[in-house]
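Colleague: Following this message is one structure expressed as C-alpha cells.
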Amino acid sequence: MLKKKLKRNNKLHDKCGVFGVFAPDLGVARLTYYALYGLQHRGQESSGIAVSNGRRFKLKRGMGLVRDVFKTEKNIDALGEGILAVGHNRYSTTGSSHIHNAQPFLLKKDERQIVIAHNGNLINSQELRKKVKEITLSSTTDTEIVAALLLESKKTTWSERFAEVLPQLKGAYSFVIATRDLLFGIRDPLGIRPLILGKINNGWVLSSEDCVFPGIGATFVREVKPGEAVIIDKNGPQTFYQQEVKQEAFCIFEYVYIARPDSTLHGESVGKVRERCGEILVQEAPVEADMVMPIPYSGITAAIAFARKSGIPFGEGVIQNRYIGRTFIQPDQRMRELGINANLKGKRVVVVDDSIVRGNTLKDFVSLLRNYGATKVHIRIASPPITDPCYYGLDTPKKDKLIASRFEKKKPLGINQKAVDVEKIRTFIGADSFVYISLKGLLKAAGVKDTDKKNFDPQKTKFCMACMNGIYKIPLGGKENKFMLENPLYPSELIEKE
Ligand code: SF4
C-alpha cells in the first residue's frame with residue numbers, strides 16, 4: 001500500500017444510474033437490486049428502489065453503495081411484491097450529497113403519485129423551481145422539480161402532462177418515471193445521456209446501460225431515441241411523445257470513462273471504442289519502451305490495445321485493492337489503494353490513462369514510478385484535453401482547476417478544436433513524454449467517418465464534447481452551479497462545501 005499523501009483525485013466523478021422494470025410476473029424489487037449493482041460505477045453516493053403493487057408505492061433510499069443501503073434480504077422483502085419498480089444510484093451533479101437528495105423521489109398530490117429517477121442535469125432548474133406552486137419540495141435537486149411540475153399540471157392524462165412539462169426542460173436528462181401502474185422512459189432532445197430499452201420474460205426494462213441485462217436475464221431491444229418519451233404498461237412499450245430533434249449530442253465521455261466496457265451505447269461497444277483509442281494513440285504517438293501499464297481501472301482497455309498494437313509487453317504495474325469499500329472514501333484516497341506489482345527497475349514505462357483532470361495525481365504517480373526504478377515514464381491519455389466544465393451531468397471541477405485549461409493556448413488547433421501547451425503539462429507532470437489522443441482520433445474511435453478530411457468539423461458530429469472544446473450545444477445561462485438550489489431551502493450547515 002502506498003502511503004504517499006496526495007491532495008486530490010485525478011478522476012471526474014460519475015453521473016447517475018437509472019433503472020426501471022415493468023414485469024408483474026417477476027420479483028421487481030430483487031431484479032432492480034441486481035441491476036443497481038451492475039450500475040454501481042455510475043454513482044456511489046446513494047441508492048434507492050421504489051416498488052409499486054399497482055395501488056401504492058414502497059420506497060427505500062439511503063446513503064452509500066447498493067450493498068450499504070440494502071444490507072439484508074429483509075430490506076428487499078420489505079419492498080413487497082410489485083408490478084413495477086424504479087431504481088437509482090446517485091452521484092450528485094445538482095444539490096449536495098445528502099439523504100434528502102437521494103433518489104428515487106416519491107411525490108404525491110391528491111390521488112396522484114409519481115416516482116422519478118434522473119441521470120443528467122437541468123440547466124434551468126432555478127427558473128423551473130419558480131413554477132412549482134403547490135407542492136413542498138423536500139430536496140435541492142432539479143429532479144424533484146420535474147415530478148412536482150408533472151403532478152401540478154392541470155392536464156387530464158399523463159401523456160398530456162408530459163407534453164406540457166418536457167418542452168420546458170433545458171439540459172441533459174434520461175428519466176425513469178413511474179405512476180402506480182405505468183412506467184415511463186424519457187430522453188432529452190439531444191440524447192446526451194443514455195437510456196436503453198430491454199425485454200425480460202413478459203416484461204420490459206429501462207436502464208442507463210445494457211451491461212446489466214445478461215445478469216438479470218434481459219435482452220437488448222433498442223435505445224430510447226433522443227427526445228422520445230416511452231410509456232410501458234401491460235401492452236408493452238409505446239412512444240407517446242417525441243420532441244423535435246434539431247441536433248444530437250451524445251456524451252462522448254461515456255466512451256472515455258463513465259460507461260462499463262461491456263455496454264453498447266449510441267450503437268458502439270464502449271470496450272471497442274476504448275480499444276480503438278489505444279490503437280490510435282500508438283499511431284499518433286509511437287514510443288520505444290519496455291512495458292505498457294494502465295492506471296486501474298478505466299485505463300485498462302486502452303492500455304491493453306496500446307500494448308497489442310505497439311508490440312510492447314503489457315504489465316499490470318499497479319494493483320488496486322478491489323476489496324476496499326468505497327462508501328466514504330475521501331477524494332485523495334485513490335492512490336492509497338494502489339500497490340506496485342512489477343519490477344520497474346531500469347524499465348522504460350508507458351502509462352495509459354483514460355483522462356486527466358487536475359493533474360496532481362498523475363504528477364505524484366510519475367514520481368512514484370521513478371522511485372520504484374523506472375528510467376523513463378511516457379504518458380498517453382486516451383481522451384483529448386479536458387478544458388471546460390460539464391454542465392450536463394458530469395461533476396467536473398471549475399475551469400481554473402482543470403490542468404488543460406490552465407495551459408490552454410489562444411490559437412485553436414483546427415475548426416472547433418482547442419489547443420493546449422502539452423509541453424508545459426509534460427513539465428508539470430514530470431514525464432519524459434506526454435501525449436493526448438486528438439479530438440479527431442477520439443471521434444474516429446467512436447465510429448465517426450471523415451475525420452481525416454481537411455475541413456472536418458467536430459461540431460457537426462452527433463456528439464457532445466463541450467468539456468473538450470468549450471462549445472455547449474445547449475446554450476448556458478452563465479449561473480450554472482451544482483448548489484444553485486440549496487439556498488434558501490436548507491440551513492447552511494447542510495450545504496456541502498465545494
Ligand atoms: S461536456 Fe463532456 S462530460 Fe459533459 S456531456 Fe458533454 S462530453 Fe459529456
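The values are calculated or read from the model by the stated rules, or taken from the named source; none is laboratory data. Computed from a prediction, not measured in an experiment: that's the story for all the values here. Cβ coordinates were reconstructed from backbone atoms using ideal geometry, including for glycine residues, and neighbour counts include every protein chain displayed.
Colleague: Which of the residues belonging to the stretch 254-295 are small (Gly, Ala, Ser), part of a helix (DSSP H, G or I) and under 22 Å from GLY17 (Cα atoms)?
Modeller: GLY271, the sole residue that qualifies.
Colleague: Answer with yes or no whether THR157 is in contact (Cβ under 8 Å) with a residue 40 or more places away in the chain, assigned by TED's automatic domain parsing to the domain that holds HIS118 and polar (S, T, N, Q).
Modeller: It is false that THR157 is in contact (Cβ under 8 Å) with a residue 40 or more places away in the chain, assigned by TED's automatic domain parsing to the domain that holds HIS118 and polar (S, T, N, Q).
Colleague: Counting only residues that are more than 10 Å from the ligand (Cβ to nearest atom) and among the aliphatic types (A, V, I, L, M), which one in the stretch 380-393 is surrounded by the fewest Cβ atoms within 10 Å (Cβ to Cβ)?
Modeller: The selected residue is ILE381.
Colleague: Go through the stretch 141-241 and tell me which helices (runs of 4 or more DSSP H), entirely inside it, have 2 or more residues that are within 22 Å of the chain's Cα centre (by Cα). Please lay out each step first, then the result.
Modeller: Details: elements: 142-152, 158-165, 213-216.
By residue number, 142-152, 213-216.
Colleague: So, one more: Residues PHE250, PHE213: which one is away from the ligand (no atom under 16 Å from the Cβ) and modelled with pLDDT of 95 or more? Please lay out each step first, then the result.
Modeller: Numbers: PHE250 fails: away from the ligand (no atom under 16 Å from the Cβ).
Being away from the ligand (no atom under 16 Å from the Cβ) and modelled with pLDDT of 95 or more holds for just one of PHE250, PHE213, which is PHE213.
Colleague: Also, quick follow-up: Name the residues in the stretch 271-299 that are touching a residue at least 40 places away in the same chain (Cβ under 8 Å), over 23 Å from GLU423 (Cα atoms) and in contact with an Asp or Glu (Cβ under 7 Å, 6 or more places away or on another chain), would you?
Modeller: SER298 - this is the single residue of the stretch 271-299 that is touching a residue at least 40 places away in the same chain (Cβ under 8 Å), over 23 Å from GLU423 (Cα atoms) and in contact with an Asp or Glu (Cβ under 7 Å, 6 or more places away or on another chain).
Colleague: Next question, about the same structure. Residues GLU127, GLU152: which one is more than 23 Å from GLY17 (Cα to Cα), of a type in the set (Asp, Glu) and modelled with pLDDT under 95?
Modeller: GLU127
Colleague: State yes or no: is HIS98 in contact with a Pro (Cβ under 7 Å, 6 or more places away or on another chain), surrounded by 15 or more Cβ atoms within 10 Å (Cβ to Cβ) and not hydrophobic (A, V, I, L, M, F, W, C)?
Modeller: Answer is no for this residue.
Colleague: Residue under question is THR157, and the condition is that it be surrounded by fewer than 23 Cβ atoms within 10 Å (Cβ to Cβ) and either away from the ligand (no atom under 16 Å from the Cβ) or at pLDDT 95 or above (or both); does it hold? Walk me through it before giving the result.
Modeller: Numbers: surrounded by fewer than 23 Cβ atoms within 10 Å (Cβ to Cβ): yes; either away from the ligand (no atom under 16 Å from the Cβ) or at pLDDT 95 or above (or both): yes.
In short, yes.
Colleague: Six or more apart or on different chains, Cβ atoms under 6 Å: show the pairs whose first residue is in the stretch 366-389 and touching a residue at least 12 places away in the same chain (Cβ under 8 Å) and of a type in the set (Gly, Ala, Ser) and whose second is in a helix (DSSP H, G or I) and more than 16 Å from the ligand (Cβ to nearest atom).
Modeller: ALA382/ALA302
Colleague: Provide a single number: the residues in the stretch 394-449 that are part of a loop (DSSP other than H, G, I, E, B), within 16 Å of the ligand (Cβ to nearest atom) and of a type outside the set (A, V, I, L, M, F, W, C).
Modeller: Adding up the residues that qualify gives 7.
Colleague: A follow-up question, please. Criterion first (of a type in the set (D, E, K, R), farther than 17 Å from ILE258 by Cβ and in contact with a Ser or Thr (Cβ under 9 Å, 6 or more places away or on another chain)) does ARG193 satisfy it? Show your work before the answer.
Modeller: Working: of a type in the set (D, E, K, R): yes; farther than 17 Å from ILE258 by Cβ: no; in contact with a Ser or Thr (Cβ under 9 Å, 6 or more places away or on another chain): yes.
Taking the combined requirement at face value, the residue does not satisfy it.
Colleague: Can you tell me which residues in the stretch 406-437 are of a type in the set (Gly, Ala, Ser) and at pLDDT 95 or above? Walk me through it before giving the result.
Modeller: Initial filter on the stretch 406-437 (of a type in the set (Gly, Ala, Ser)): 414, 419, 430-431, 433.
Matches in the stretch 406-437: GLY430, ALA431, SER433.
Colleague: Would you mind stating whether GLY227 is among the small types (Gly, Ala, Ser) and more than 17 Å from VAL86 (Cα to Cα)?
Modeller: Details: among the small types (Gly, Ala, Ser): yes; more than 17 Å from VAL86 (Cα to Cα): yes.
Yes; evaluated as a whole, the condition is true for this residue.
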